[in-house]
Amino acid sequence: MFIIAGLGNPGLKYAGTRHNVGFGAIDVLAEKYRIGVDVKKHKALIGKGVIEGQKVVLVKPQTYMNLSGESIQAAAAYYKLSPEAVLVIYDDINLDVGRLRVREKGSAGGHNGMKSIISCLGSDQFPRIRIGVGDKPSRMDLADYVLGRFPEEELADVREAIDHAARAAALIVNGQMSEAMNQFNGKKKQ
């Protein structure tokens, strides 16, 4: 069994923001594999189902980004899963819009949601998919940037990246991490 957690902030106010691309990837997986993500449990909206023959729990933490670890740790403890069986999908300002970075493990890289998860799980040894949202303009506050929406000219790249992240997640839960990295690292619409 795998937990696939997409990071974001709850509520319509944050829908479609840069910080919510992780929620977008969960939505794509939920639709493709017909998994309802509508049960309130573990400070999250969750849905149980099967992706490519593997049991999964899709998780959208409802704690707000900076406390995401509370939700993910609660779900991992409930299902008795090690950190290695938790896949996290989230935004990254250090990647160009539309680019992906798939990794088996790693640091938080300054991302507060990931800092929370690493702290709560007591480990950084879990797979992750980072979706590039681009760097903030020099005079803009970081919070304002990540809580802002994409301009029209970036939407096609973002949608494709979210779709690619969902496809990479399906490979990862099926034990094909190398294939996911080979197919999707650095990918961006040309």
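Laboratory data are not the source of any read-out in this text; all were calculated from the coordinates shown. Predicted model only: the values in this text are computed from it and were never measured. Because the Cβ atoms are built from the backbone with ideal geometry, glycine has one as well, and the counts that use them run over all protein chains shown.
Observations, loosely collected:
- Checking Leu12, Leu58, Leu45 one by one, the residue that is of a type in the set (A, V, I, L, M, F, W, C), over 21 Å from Asn174 (Cα atoms) and touching a residue at least 12 places away in the same chain (Cβ under 8 Å) is Leu45 and no other.
- Per-region count, segment 72-92, residues on the phi < 0 side of the Ramachandran plot and without any contact (Cβ under 8 Å) to a residue 60 or more places away in the chain: 8
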